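Beneath this line is the structure, given in structure tokens, with notes to follow.
The values are calculated or read from the model by the stated rules, or taken from the named source; none is laboratory data. What you see is a predicted model; the values in this text were computed from it and never measured. Positions of Cβ are backbone-derived with ideal geometry, glycine not excepted, and every protein chain shown enters the neighbour counts. Quick note on the areas: whole protein, heavy atoms, side chains included, nothing else; ligands and nucleic acids left out. Shrake-Rupley method; radii C 1.70, N 1.55, O 1.52, S 1.80 Å.
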Amino acid sequence: MESLVTILVFAPLLGAVLAGVLGKRGDSKPAMAVATVLLFLSAGLSWGVFYQTAWHELEPFVVRIAPFISVGDFQSAWSIRVDTLSAVMLVVVTTVSALVHLYSWGYMAEDGGRSRFFSYLSLFTFAMLMLVTAADFMQLFFGWEGVGLASYLLIGFWFHKPTANAAAIKAFVVNRVGDFGFALGIMTVFWMFGSIEFAEVLPRVGEFARTEWAFAGAQWRALDIACLLLFVGAMGKSAQFFLHTWLPDAMEGPTPVSALIHAATMVTAGVYMVCLLAPMFELAPQAKQIVTIIGAVTALFAATVGLAQNDIKRVIAYSTCSQLGYMFFAAGVGAYQAAMFHLFTHAFFKALLFLGAGSVIHGMHHEQDMRRMGGLMRYLPLTFAAMTIGNIAIAGFGVPHVFGFAGFYSKDSILEAAYAAGQENPTAMFAFIVGVLVAGLTAFYSFRLAFMTFNGPAVWKHEADAGHGLKAAAHHPDDHATAAQNESHSEPDVSEHGGAHGDHDHTPHESPWTMLVPLGVLSVGAIFAGFVFHERFFGEEQAEFWRSAMRPDRVLFPESTSRLLEEAHHVPEWVLWSPTVASLIGLAAAVFIYLLRRGMGARIAANAGPLWTFFYNKWFFDELYHFVFVRGAAKLGELFWKRGDRDTIDKLGPNGLAALSYFGGRRLVRIQTGFLYHYAFVMLLGVAGLLTYALFAFGAVE
């Protein structure tokens, strides 16, 4: 088993290297084939490990690869940790990545950089696998930074686009803010425990439950400080409120990148980290409160912004942000199993939605603005079916005690746990109320996307008749009358040979089988993943499912979480029905505005009321950050440059010395007159000075 796990983790790295090498020969197909085959091998092995771990009581184990860092007590080794938590993440990462590799055969068929693209995809997957199998904080940090690097390369894959370059840099910089806090958190843990090994740190958490440190004139719980710093890293990587601004802009990358990085893998790294460190967070009540509040606010913020966006990928991006908020407030109230369950189901339906959006974009010849779509149901029937399944799953439709799509089970488990925890914790009750409200908003913006894309008049026909231009969007009856906005978000329309899609017939077309097969597989997961795995993740079998961990007592989550789950199974019946009712209300509102009263959405947008403007402009966070941080940093840099460097350091330093030398030289040159008696006089003064010094130095003169 250890050798198979090693192959599982390192196969994507081999694929990345081989894809890069083979791509240099000019033919991209061998590179694509090697990377894809190795990813499917890794995915198959991951399912085997998951099955053995969850159903056949495979004992958790660690594979030691090689020593990494050894400095005094700071010891770190490259290792592969296998337990239930890592097995769940292995399945999520490799399955989505393998399907994205296959999907990219069709989606990137006309791109000249396919070998580079597949190499980056495999490199990202390897970094993510190193993250989720880390046995200590150092390897976790290595994987953390590795996925950051790979995401930078993938977001900026079309480097000839200024917007893609800007988005890649923005993602990199914002994540560095979070990673700084994450690094400080790791240092704090080492300072407290004298170790960074999970197997040594987590069992000893109770020893430091009451430890306090004096800082800034106040006493702080040491575990609260450590967990808050670590959570700052999670906020950056998982695009939580305040550090969320990079995620929507990351849609500048190719759509397969959006599905892989921003739907199912990298953005869930923060959730995984919080769940992995559950014993620490359970003894850090202040940190848990902040996690709950940030998660709930993120869920609400992203859902409201998603209501007003017109770019199909950006709507799904904000829904990702919102669903991550669900996961975090689940972890914040102590329902770590529910958070991991939603992470698991979310991987299926969110990857399905992103890849479905990519199929729409591909069929529409790289158009992303929903105002230029409509009527696509008859032209893209399979894509329509897949995205309908994804929208039903993310909206959480189902009948309690009977059956529901994947999101129904995982979202309800979160809300049930939040309500149960809310009986004693007002913050958890706040999260429950927000969660129910967001369930309705999710259904609304999800089916708004579906109706604008697949139903109603075919706006693209007007566009084809009038020429591919901005004015065509004005014909769309369902949204913003001014189509100039969101204009820069379409993916490049350039083929491998320099041709453009505009040379083709503009009639939408269904995607090739390499793109449709992943949609079919993910559709099955979006329908049945919740029903099949509910009892294992959150139900009566959860104790057995989560038994394995890198702790002596074999308990991954503290006992308090088991009590919370037991209380969650006995909440009132109206709690079970509340998210379903909210989703139905959201669906009804979308049907009324975008089907029965077609054009109502356009009028709301055209009026540009304060609430719509607030949502459309993303609560003005980008403008605020630009004013405070970008302009502020520029002003600060200008101050240091002009007043500090140029006027102070340079003037008193090198420039000042140069000026002094020049001044002295100009004065000394005056004594170079060329007259002998002048030089003799100077020599006489020198001799007199030396004699005077000698007399005083040797005591001749008292």
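Scanning the range 682-697 for any residue that is open to solvent by less than 100 Å² (accessible area, probe 1.4 Å) and either within 28 Å of Leu243 (Cα to Cα) or assigned to a loop (DSSP other than H, G, I, E, B) (or both) turns up nothing.
Residues of the range 66-89 that are among the hydroxyl-bearing types (Ser, Thr, Tyr) and open to solvent by 50 Å² or more (accessible area, probe 1.4 Å): Ser70 alone.
When you go through Ala680, Ala700 one by one, which is the residue that is more than 30 Å from Lys642 (Cβ to Cβ) and modelled with pLDDT of 75 or more?
The unique qualifying residue is Ala680.
The helices (runs of 4 or more DSSP H) located wholly in the range 151-258 that include 3 or more residues which are in contact (Cβ under 8 Å) with a residue 60 or more places away in the chain and open to solvent by 20 Å² or more (accessible area, probe 1.4 Å) occupy 162-193.
Evaluate the range 625-648: report whether one residue or more is touching a residue at least 60 places away in the same chain (Cβ under 8 Å) and either open to solvent by less than 90 Å² (accessible area, probe 1.4 Å) or over 34 Å from the mean Cα position of the chain (by Cα) (or both). Within the range 625-648 (the criterion being touching a residue at least 60 places away in the same chain (Cβ under 8 Å) and either open to solvent by less than 90 Å² (accessible area, probe 1.4 Å) or over 34 Å from the mean Cα position of the chain (by Cα) (or both)), the answer is yes, since at least one residue qualifies. Within the range 59-86, the set of residues being small (Gly, Ala, Ser) and under 18 Å from Leu45 (Cα atoms) comprises Ser79, Ser86. Being within 28 Å of the chain's Cα centre (by Cα) and of a type outside the set (Val, Ile, Thr) is true of Phe231. Here Phe126 fulfils each of the conditions (1) surrounded by 24 or more Cβ atoms within 10 Å (Cβ to Cβ); (2) under 28 Å from Pro203 (Cβ atoms) apart from (2). Residues of the range 665-679 include at least one that is more than 26 Å from Val177 (Cα to Cα), part of a loop (DSSP other than H, G, I, E, B) and open to solvent by 90 Å² or more (accessible area, probe 1.4 Å). When you check Phe615 against the structure, is it modelled with pLDDT under 85 and on the phi < 0 side of the Ramachandran plot, yes or no? No. On the stretch given as the range 129-141, residues that are of a type outside the set (Phe, Trp, Tyr) and either open to solvent by 10 Å² or more (accessible area, probe 1.4 Å) or part of a helix (DSSP H, G or I) (or both) total 7. Thr383 versus (1) in contact with a strand residue (DSSP E or B) (Cβ under 6 Å, 6 or more places away or on another chain); (2) crowded, with 24+ Cβ neighbours inside 10 Å; (3) more than 20 Å from Thr580 (Cα to Cα): which is the lone unmet condition? Failing condition for Thr383: (1).
Can you give me the number of residues within the range 572-624 that are open to solvent by less than 40 Å² (accessible area, probe 1.4 Å), outside any helix (DSSP H, G or I) and over 20 Å from Leu300 (Cα atoms)? Total satisfying the criteria: 1. Tell me whether the range 607-617 contains one or more residues that are of a type in the set (Val, Ile, Thr) and farther than 30 Å from Tyr594 by Cβ. The answer is no, given that none of the residues of the range 607-617 is of a type in the set (Val, Ile, Thr) and farther than 30 Å from Tyr594 by Cβ.
Specify the residue that is nearest to His569 (Cα to Cα); the eligible residues are those in the range 418-455 that are among the hydroxyl-bearing types (Ser, Thr, Tyr) and open to solvent by 10 Å² or more (accessible area, probe 1.4 Å). The selected residue is Tyr419.
Yes/no per residue for (1) touching a Gly at 6+ places or on another chain (Cβ under 8 Å); (2) within 30 Å of Phe408 (Cβ to Cβ); (3) modelled with pLDDT under 70:
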position: Pro492; (1), (2), (3): no, no, yes
position: Met515; (1), (2), (3): yes, yes, no
position: Gly520; (1), (2), (3): no, yes, no
position: Phe528; (1), (2), (3): no, yes, no
position: Glu540; (1), (2), (3): no, yes, no
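Return the residues of the range 19-41 that are open to solvent by 60 Å² or more (accessible area, probe 1.4 Å) and either modelled with pLDDT of 85 or more or on the phi < 0 side of the Ramachandran plot (or both); say none if nothing qualifies. Let's see the steps before the verdict.
Taking the range 19-41 as the starting set, the residues that turn out to be open to solvent by 60 Å² or more (accessible area, probe 1.4 Å) are 21, 24-27, 29, 37, 40-41.
Hits for the range 19-41 are Val21, Lys24, Arg25, Asp27, Lys29, Val37, Phe40, Leu41.
Within the range 336-379, restricting attention to residues that are among the aromatic types (Phe, Trp, Tyr) and open to solvent by 10 Å² or more (accessible area, probe 1.4 Å), the residue that is nearest to Leu247 (Cα to Cα) is Phe348. Would the range 567-590 turn up any residue that is closer than 30 Å to Arg371 by Cβ, charged (D, E, K, R) and at pLDDT 85 or above? No, the conditions are met nowhere in the range 567-590. Within the bounds of the range 391-407, is there any residue that is open to solvent by 10 Å² or more (accessible area, probe 1.4 Å), part of a helix (DSSP H, G or I) and under 30 Å from Gly270 (Cα atoms)? So far as the range 391-407 goes, yes, one or more of its residues are open to solvent by 10 Å² or more (accessible area, probe 1.4 Å), part of a helix (DSSP H, G or I) and under 30 Å from Gly270 (Cα atoms).
Inspection of the range 42-52 finds no residue satisfying the criterion of being crowded, with 22+ Cβ neighbours inside 10 Å, touching a residue at least 60 places away in the same chain (Cβ under 8 Å) and among the hydrophobic types (A, V, I, L, M, F, W, C). The requirement of being without any contact (Cβ under 8 Å) to a residue 60 or more places away in the chain, exposed (fewer than 12 other Cβ atoms within 10 Å of the Cβ) and over 30 Å from Ala167 (Cα atoms) is satisfied by Glu559.
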